[in-house]
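Student: Have a look at this one.
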Amino acid sequence: MVILVAGNLTLTNAQARPEIRLVLQVTVDGLRADLINRYQAGFGKDGFHYLMKQGTVYTNAQYQHANTETIVGHATLATGTFPSQHGMIGNVWFDREAGELSYNIEDADAPLLPSREESSEGEQVDPAQKLARTKGRSPAVLLAPTFGDGLAAYYGGRSKVFGVSGKDRSAVAMAGRTGKAFWFSTDNGDFITSSYYYDDYPEWAHRWNVQRQAEKYAGTEWKLSAEISSYLLAEQDDRPYEMDLKGYGRTFPHRFGKADNKLFFTQLLASPIGDQLLLDFSKELIINEKLGKDAIPDYLSVSFSAVDVINHFFGPSSLENEEIIRQLDRTLADLLKFIDQTIGLKHTLIVLSADHGIADMPEYMTELGYAAGRLVPEEIVATANQAGQQFGIDEVVRFFYRPYIYLNDEKITAAKLDYALVEQAIANALTDFDGIELAVSIKSLATEKGNPLLEQVRRNQHVIRSGDIYIIQKPYYFLFDEGPIPSMHGSPWRYDTHVPIIFAGPGIDAQTIHRRVHPVDVAATIAAFLGMTPPAAAQGTPLKEVLR
Ligand SMILES: [Zn+2]
């Protein structure tokens, strides 16, 4: 109905919204939803507390796909759809055609832009990045458009779209195809990009890099920022199953090595410094790219990586985890204050979430009395091969990279066997394996019903990239490629699927919502808030409490 008021057309809800000049999407890598509850007492009032008191907080947001890894979660947040459609089914998958592993955003046609004349190489400890065949990076294999891509189309290319992160995959996924991405180099401490995005570094980024901010921390240390008695996990510092990153130590203070130490920049990323450097770089970006300066909304994704790195090395129930999240709270407060001063929080739509959660270490859970453990990949492959031998096939497994087993199609075809039957027999044998909850034959997905885990596997299923059998470990059992890394995520269990979703901004109510929602809803909600159609492949539903 059209109502005329004093000669003016009454505005619709969408039109009446205050002017949004910036969409700020904050993603905290590995921030399981309950961690911000556990550490609340140590937070200041301007970081998480600000968002929780001013915003709409969803306490029960759950990922719906099975392989809860970094690229999978980020791509889901960005595109609003599942890995079956956006194609990012894992940090690493087996490229059947090439016969080798592929790192999600690797792209030989998009080499890194050198950020300085001399090149240096750090030691790569990220198990996924280590497997990349090339240093080039781009979103070429991301199969669905992102919210940022939608913004670019809606405003005729006038919106500025950026993704920045401590990790390449977390910047690239959020920037989509139309945005620009920068990420932290563990080779030299610069924020780098690739030829997909630029021919040369923008002047301001070059200026930031030549200051060599990261190197200033050489020889310093990461200390607790408050009295140890103020920490809930004060007793959880020195545990034998934590990892000592070659001299970084298992206990506070953690010492950064010299700048020429191959692990120096990784150590920074495993400390509050990693997030602080990202904040500093983001501020330069906001100023120099003039984000939020006109009525055309811009988009900035900031994905903080330090919590995840700490989770992996020390576990989520460590003093390091409590301290890194306490420090992140301050970094977040600093970011919000800066946005308020430069753009105005009244012009900013903020959404905070995470790409996945984290499991406590099997050794810790065993101490508590849980059934927990670590699975050995060679034993899983041997079990599958044994099942294949019952059909007269030697080495039926072509490749195993968690969570997928890829079978040798040629051998099964040559033996003139019913493929589905062989696959199911192997899956059955693996389901009997100690520590495996369920091995899912992908061929059976079309007909199998009932088990909610199957739905999670189905949403993870991409016809080219996924394997033939999906292995789901029991809770608190870890699947490894190589390691051991003390703590892991990547399962379909709640400790890995449960993440925060918080929306804050003008016109958004302060409220806590306990109904179950999903990270695929995020992109659809941002789009609806701006009056836009969701990204093309989005499956999520706009969250009504944010839109009212
Ligand atoms: Zn992650």
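The values are calculated or read from the model by the stated rules, or taken from the named source; none is laboratory data. The shown structure was predicted, so the numbers you read here are calculated from the model rather than taken from an experiment. Neighbour counts are summed over all protein chains in view; Cβ atoms, including those assigned to glycine, are modelled from backbone coordinates with ideal geometry. Areas reflect the complete protein model, heavy atoms only, side chains present, ligands, DNA and RNA absent. Shrake-Rupley method; radii C 1.70, N 1.55, O 1.52, S 1.80 Å.
Student: Over the stretch 363-413, consider all pairs of different Cα atoms and compute the Kirkwood hydrodynamic radius from their mean reciprocal separation; express it in Å, one decimal. Please report the intermediate quantities before stating the final value.
Tutor: Values: mean 1/r = 0.0795 Å⁻¹.
The Cα-based Kirkwood calculation yields 12.6 Å.
Student: Expressed in whole Å with the largest first, what are the equivalent ellipsoid semi-axes of the stretch 253-403 derived from the C-alpha gyration tensor as the square root of 5 times each eigenvalue? Please list the in-between numbers first.
Tutor: Details: eigenvalues 359, 94, 54 Å².
The equivalent ellipsoid of the stretch 253-403 has semi-axes of 42, 22, 16 Å.
Student: How do 353-361, 141-149, 508-516 rank on mean C-beta neighbours within 10 Å, highest first?
Tutor: Details: 353-361: 26.9, 141-149: 24.9, 508-516: 13.0.
Taking the mean over residues of other Cβ atoms within 10 Å, the ranking is 353-361, 141-149, 508-516.
Student: Further question: How large a share of the accessible area of the chain, in percent, is made up of carbon and sulfur atoms when the probe is 1.4 Å and the other protein chains stay in place? Let's see the in-between values first.
Tutor: Details: 10770 of 21260 Å².
Accessible surface attributable to carbon and sulfur in the chain totals 51 percent.
Student: Name the long-range amide H neighbours of residue 438: under 5 Å, sequence gap of 5 or more, or other chain; modelled H, no Pro or chain starts.
Tutor: Close amide H contacts, sequence-distant or interchain: 472.
Student: On to the next question. For the stretch 99-114, what does the Karplus curve 6.51 cos²θ - 1.76 cosθ + 1.60, with θ = phi - 60°, yield as ³J(HN,Hα) per residue in whole Hz, taken in order and with x for Gly and Pro?
Tutor: Karplus-based 3J(HN,Hα) across the stretch 99-114 equals x, 8, 6, 10, 8, 2, 9, 5, 7, 4, 7, 10, x, 4, 7, x Hz.
Student: Also, I was wondering about something else. Using the Cα gyration tensor of the stretch 508-548, with a ≥ b ≥ c the square roots of its eigenvalues, what is the shape: rounded (a/c below 1.5), prolate (a/b larger than b/c) or oblate (neither)? Could you put the intermediate results ahead of the total?
Tutor: On the way: a/c = 3.29, a/b = 1.42, b/c = 2.33.
It comes out oblate by the Cα gyration axes.
Student: Hey, another quick one. So, how do all the Cα-to-Cα distances of the stretch 407-515 break down into 10 Å bins, in percent, from 0 on up?
Tutor: Bins of 10 Å from zero give 11, 34, 28, 15, 8, 3, 0 percent of pairs.
Student: Moving to a separate point now. With θ set to phi - 60°, apply the Karplus curve 6.51 cos²θ - 1.76 cosθ + 1.60 along the stretch 543-548 and write out the HN-Hα couplings as whole Hz, x wherever there is a Gly or Pro.
Tutor: Ordered by residue, 3J(HN,Hα) equals 6, 5, 5, 7, 8, 6 Hz.
Student: Run lengths n ≥ 4 of DSSP H only: what is the helix-derived mean residue ellipticity at 222 nm for the chain, with -39500 (n - 2.57) per run over all residues, to the nearest 500?
Tutor: That comes out to -9000 deg cm²/dmol.
Student: Once phi is turned into θ = phi - 60°, what whole-Hz ³J(HN,Hα) does the Karplus curve with 6.51, -1.76 and 1.60 give for every residue of the stretch 350-363, x standing for Gly and Pro?
Tutor: In residue order, the calculated couplings are 10, 10, 10, 8, 9, 8, 4, x, 6, 9, 5, 5, x, 5 Hz.
Student: Then there is this: Can you give the Kirkwood hydrodynamic radius of the chain from its Cα pairs, in Å with one decimal? Numbers along the way, then the final one.
Tutor: Numbers: mean 1/r = 0.0415 Å⁻¹.
Evaluated over the chain, this radius sits at 24.1 Å.
Student: With angles folded into 0 to 90 degrees, how steeply does helix 520-529 sit against the dominant principal axis of the chain? Use alpha carbons for both and round to 10.
Tutor: 20 degrees
Student: Where only protein heavy atoms count, and the probe is 1.4 Å, what is the accessible area per residue for the chain in Å²?
Tutor: Values: 21260 Å² over 548 residues.
For the chain, the solvent-accessible area averages 39 Å² per residue.
Student: Take residue 260 and residue 134, extend 7 Å from each Cα along the Cα→Cβ direction, and tell me the distance between the two endpoints in nm.
Tutor: Each label point lies 7 Å from its Cα, and together they span 3.3 nm.
Student: Let me ask something else. Would you mind getting me the FRET efficiency between residue 53 and residue 252? Use the beta-carbon distance for r and R0 = 22 Å, nearest 0.05.
Tutor: Numbers: r = 30 Å, r/R0 = 1.38.
Taking R0 as 22 Å, the efficiency between residue 53 and residue 252 is 0.15.
Student: A further question follows. At a probe radius of 1.4 Å, what is the per-residue accessible area of residue 186, in Å² to the nearest 10?
Tutor: 20 Å²
Student: Here is a follow-up. Which cross-chain or sequence-distant (5 or more) residues have an amide H under 5 Å from the amide H of residue 161, H modelled 1.01 Å from N in plane?
Tutor: Those lying under 5 Å, H to H, from residue 161 are 180, 299.
Student: Reachable lysines from residue 160, Cα under 24 Å, same-chain residues fewer than 8 places away excluded?
Tutor: Straight-distance partners of residue 160: 180, 283, 290, 293, 337, 346.
Student: If you don't mind, there's one more thing I want to ask. Considering the dipole of the stretch 425-507 built from charges on the beta carbon (Lys and Arg +1, Asp and Glu -1) around the Cα centre, which of 469, 507, 495 is farthest to its positive end?
Tutor: Positive-end residue among those listed: 507.
Student: Next question, about the same structure. Relative contact order for the stretch 161-271: what percent, with Cα pairs under 8 Å and sequence separation of 6 or more? Numbers along the way, then the final one.
Tutor: On the way: 139 pairs, mean separation 23.7, N = 111.
The normalised contact order for the stretch 161-271 reaches 21 percent.
Student: With r as the distance between the Cβ atoms of residue 295 and residue 40 and R0 = 25 Å, compute the FRET efficiency 1/(1 + (r/R0)^6) and round to 0.05. Each step should come with its number before you reach the end.
Tutor: Numbers: r = 37 Å, r/R0 = 1.48.
Computed FRET efficiency for residue 40 and residue 295: 0.10.
Student: If you don't mind, there's one more thing I want to ask. Of all DSSP beta bridges in the chain, what percent run antiparallel (nearest 5)? Show your work: numbers first, answer last.
Tutor: Working: 31 of 60 bridges.
Rounded to the nearest five, the antiparallel share is 50 percent.
Student: Mind checking the angle between helix 272-288 and the chain's longest principal axis? C-alpha axes, 0 to 90 degrees, to the nearest 10.
Tutor: 50 degrees
Student: Tell me, which longest segment in the chain has none of the GluC sites (Glu not before Pro) that fall in DSSP loops with at most 15 further Cβ atoms within 10 Å?
Tutor: Details: sites that count: 19, 97, 117, 118, 121, 123, 227, 235, 395, 448, 482.
It runs 236-394.
Student: Here's a follow-up. Taking the Cα atoms of the stretch 316-362 alone, what are Rg (to one decimal) and Dmax (as a whole number) in Å?
Tutor: Taking only Cα atoms of the stretch 316-362, I get Rg and Dmax of 14.6, 46 Å.
Student: Oh, and also: Let me check against my output: what whole-number percent is the relative contact order of the stretch 341-429, with C-alpha pairs under 8 Å and at least 6 apart? Provide the component values of the computation, followed by the final result.
Tutor: Details: 58 pairs, mean separation 16.3, N = 89.
After rounding, I find 18 percent.
Student: Going by average Cβ density within 10 Å per residue, which order do the peptides 255-262, 414-421 take, highest to lowest? Walk me through the numbers before you get to the answer.
Tutor: Working: 255-262: 15.5, 414-421: 12.4.
Sorting 255-262, 414-421 by mean packing, highest first, produces 255-262, 414-421.
Student: With label points built 7 Å along Cα→Cβ from the Cα atoms of residue 244 and residue 445, find their separation and express it in nm.
Tutor: A separation of 4.4 nm, rounded to one decimal place.
Student: How far is it, in nm, from the label point at residue 121 to the one at residue 216 when both lie 7 Å from their Cα along the line to the Cβ?
Tutor: Reported label-point gap for residue 121 and residue 216 is 3.0 nm.
Student: Extension gain residue 235-residue 337, at 0.36 nm per residue separation less the Cα-Cα distance, in nm?
Tutor: Numbers: separation 102, 0.36 × 102 = 36.72 nm, distance 3.35 nm.
Result for the pair: 33.4 nm of gain on full extension.
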